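What follows is a single structure, written as structure tokens, with notes after it.
The values are calculated or read from the model by the stated rules, or taken from the named source; none is laboratory data. Remember, it's a predicted structure, so these values are computed and weren't measured experimentally. Positions of Cβ are backbone-derived with ideal geometry, glycine not excepted, and every protein chain shown enters the neighbour counts.
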Amino acid sequence: MSRLRITGGQRLVGEIKVGGAKNATLPILAACLLTPHECIIHGVPRLKDIEVMIEILVTLGAEVTWSDSSVTVCSRHLSESRVPEELMRRMRASNLVMGALLGRCHEFGVSYPGGCTIGSRPMDLHIKGFLSMGAKVKEDGVIEGKVKKLQGSCIYLDFPSVGATENLMMAAVLAEGITIIRNAAREPEIVDLQSFLCKMGARVWGAGTDKITIEGTSQLGVSEHQVIPDRIEAGTHLVAGAVTQGDILVSNTRAEHLEALLSKLGEIGVEVSNDSLGIRLKGGCSWRAVDIKTHPFPGFPTDLQPQIMSLLALANGTSVVKETVFESRYKHADELRRMGARIKVDGRIAIIQGVKRLTGASVEASDLRAGAALVIGGMAADGVTTIDNVHHLDRGYERLEEKYLGLGADIKRIDS
Ligand code: UD1
């Protein structure tokens with residue numbers, strides 16, 4: 001078990017380069033199961049979640065090689081269509097292989113996936129979509145799907161679920177006929193999946209809007225693709241730069257993927273601008289309280305809600321945050337309170353009364369983004385903060401402490 005030890009009060013100064021998007025890479029790796037030909041993916045981040053997905057592909061019979069930041073997958077002979085429970089439990093996104101397996105092998109078997117403890121996270125939308133494409137799905141501790149041949153269908157998602165949209169896109173590329181997904185998720189990672197699928201010969205259009213159309217095909221070929229930069233990693237660095245009153249350039253990022261955050265940072269009083277090299281940020285020393293409501297893209301991302309709460313904890317006045325995507329995503333609030341933050345949580349609402357300073361404390365990361373919020377809080381706090389359970393951070397951030405150390409933070413990993 002590792003922990004981080006942070007001595008707060010250092011400004012972050014310099015350039016920080018963002019890696020490839022975890023949440024784009026995961027479905028793209030799953031999509032490699034659709035074709036018997038070789039797929040090459042560039043810009044793959046070295047993260048625990050990516051390692052788990054690769055282990056799943058290998059278990060299913062794919063050959064995978066990883067060199068620097070490029071991963072080559074060849075799914076010529078798939079020997080399995082069931083994912084062992086132990087792997088499913090390690091990450092929620094393991095469910096992303098269901099659609100590709102149904103399309104390619106006409107069956108899948110998975111148990112309920114694990115992942116961050118941020119809410120109940122059911123799978124009904126995925127399953128309803130498979131059913132409407134003609135699959136039979138049995139839920140009995142494990143989820144098993146079977147179909148002779150998937151049929152194109154019109155699917156309306158009750159909620160624009162990212163995972164359900166991706167799974168249904170992957171199932172539909174090898175279905176007979178046309179599938180239309182309405183109220184589809186519009187996240188940039190969905191657009192990236194579409195471009196990867198199109199490169200292997202799939203016919204998919206509309207990603208980035210709420211209507212995605214897929215015309216099924218019987219054969220798919222090779223695909224080579226560069227993954228988009230991780231917008232949540234970029235957003236985390238921007239908030240870290242702001243709260244440490246830093247002066248940073250966040251490079252390898254796309255401002256159009258971060259509009260909701262950039263606009264909130266502006267309202268808070270943080271100076272941000274973008275140019276051809278990336279997003280530049282100068283953190284002032286006083287911040288205005290703001291209200292934030294999380295939403296599916298292009299709204300304010302739930303995956304940045306914990307991090308911005310660390311900044312709002314130090315703003316002048318009272319901020320109100322409403323979490324509309326996940327039902328219990330406020331575990332970081334308890335830990336920030338240990339550092340002196342004044343936060344009241346009532347259901348999906350958090351009321352944050354800004355304080356003058358945070359004080360270092362011993363805290364615990366309950367999940368990936370909560371961990372990032374505590375790193376940010378620790379860098380802003382007076383004194384020493386120790387964060388336990390940093391394995392959560394390694395699921396989604398590559399060498400986070402090394403990156404912040406390079407910008408001047410006093411941060412150290414202690415392995416015990
Ligand atoms: C993805 C992201 C995750 C992000 C989330 C929301 C990946 C690997 N993970 O997760 O980082 O926080 O989007 O932006 O891309 N829901 C249902 N039924 C379903 C599916 C979802 O009710 O069948 C609900 C969930 O409980 C949740 C909401 O929909 O309340 C959003 O979930 P979803 O968009 O599916 O998130 P993930 O794809 O799991």
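Structural remarks
- Subset of region 367-389 (residues that are in a loop (DSSP other than H, G, I, E, B) and crowded, with 24+ Cβ neighbours inside 10 Å): 381
- When region 176-189 is filtered for residues that are surrounded by fewer than 24 Cβ atoms within 10 Å (Cβ to Cβ) and either away from the ligand (no atom under 16 Å from the Cβ) or of a type in the set (S, T, N, Q) (or both), the ones remaining, listed by number, are 176, 177, 178, 180, 183.
- Subset of region 274-288 that is buried (at least 17 other Cβ atoms within 10 Å of the Cβ) and modelled with pLDDT of 95 or more - its residue that is farthest from residue 374 (Cα to Cα): 278
- Residue check for residue 41: more than 13 Å from the ligand (Cβ to nearest atom) and part of a strand (DSSP E or B): yes
- Taking first residues from region 3-24 that are in a strand (DSSP E or B) and partners that are of a type in the set (Phe, Trp, Tyr), the Cβ contacts under 9 Å between residues at least 6 apart in sequence or on separate chains come to 6/404; 16/404.
- When 140, 158 are screened for being among the acidic types (Asp, Glu), surrounded by fewer than 16 Cβ atoms within 10 Å (Cβ to Cβ) and within 12 Å of the ligand (Cβ to nearest atom), only 158 passes.
- Test: residue in region 326-341 that is among the hydroxyl-bearing types (Ser, Thr, Tyr), under 22 Å from residue 415 (Cβ atoms) and modelled with pLDDT under 95: no
- Residue 337 meets each of the listed conditions (1) part of a helix (DSSP H, G or I); (2) of a type in the set (Lys, Arg); (3) within 14 Å of residue 5 (Cα to Cα) apart from (3).
- Here is the figure for region 116-137: residues that are among the small types (Gly, Ala, Ser), crowded, with 20+ Cβ neighbours inside 10 Å and in a loop (DSSP other than H, G, I, E, B) total 1.
Residue-by-condition table, conditions (1) surrounded by fewer than 24 Cβ atoms within 10 Å (Cβ to Cβ); (2) at pLDDT 95 or above; (3) under 17 Å from the mean Cα position of the chain (by Cα); (4) not aliphatic (A, V, I, L, M):
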residue: 263; (1), (2), (3), (4): yes, yes, no, yes
residue: 272; (1), (2), (3), (4): yes, yes, no, no
residue: 294; (1), (2), (3), (4): yes, yes, yes, yes
residue: 315; (1), (2), (3), (4): yes, yes, no, no
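- Looking only at residues in region 80-112 that are out of contact with any helix residue (DSSP H, G or I) (no Cβ under 7 Å at 6 or more places or on another chain) and assigned to a helix (DSSP H, G or I), the one that is farthest from the ligand (Cβ to nearest atom) is 105.
- Residue in region 42-65 that is touching a residue at least 60 places away in the same chain (Cβ under 8 Å), over 15 Å from the mean Cα position of the chain (by Cα) and more than 30 Å from residue 384 (Cα to Cα) present: yes
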